[in-house]
Amino acid sequence: MAIYDDTDNTRILHIGVWGFLITAVIVLYAVGLFDWFHGKLVAAGTFEETKSIEILDKQKKDLNNYVPIDPEKGRYGIPIEKAMEETLEELKAGPNPATASL
């Protein structure tokens, strides 16, 4: 086994410590910059958490109710629970001969 008597452990330690400190400073600066920018957005009124909440509520409502998709063609969305039940019933019934060739 080789013996490494010529390695400069002090230099390696200094590089490691300085590397850690520089990385920590950069991370803390990035966090501070993010908080500052977020505060500016909230103060300016351009950051709207309520808009995303409204979108999620609408999507939830659309998933749990009958909704028109294309009324002219007679296409409507059904609640997700009903769709899962119908799919399960179709799977239990076995293959449909009319669609087996598809």
### Query
Would it be correct to say that Lys40 is charged (D, E, K, R), free of Cβ contacts under 8 Å to residues at least 12 places away in the same chain and in the same structural domain as Glu81 (by TED's automatic domain parsing)?
no
### Query
Is it the case that the stretch 76-87 has a residue that's on the phi < 0 side of the Ramachandran plot, free of Cβ contacts under 8 Å to residues at least 60 places away in the same chain, more than 29 Å from the chain's Cα centre (by Cα) and in a helix (DSSP H, G or I)?
yes
#### Entry: Lone qualifier among Lys61, Lys51, Lys73 - being within 21 Å of the chain's Cα centre (by Cα) and loosely packed, with under 10 Cβ neighbours inside 10 Å
Lys51
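The values are calculated or read from the model by the stated rules, or taken from the named source; none is laboratory data. What you are looking at is a predicted structure, and each value in this text was computed from that prediction instead of being measured. Note that each Cβ is placed from the backbone with ideal geometry, even for glycine, and that neighbours are counted across all protein chains shown.
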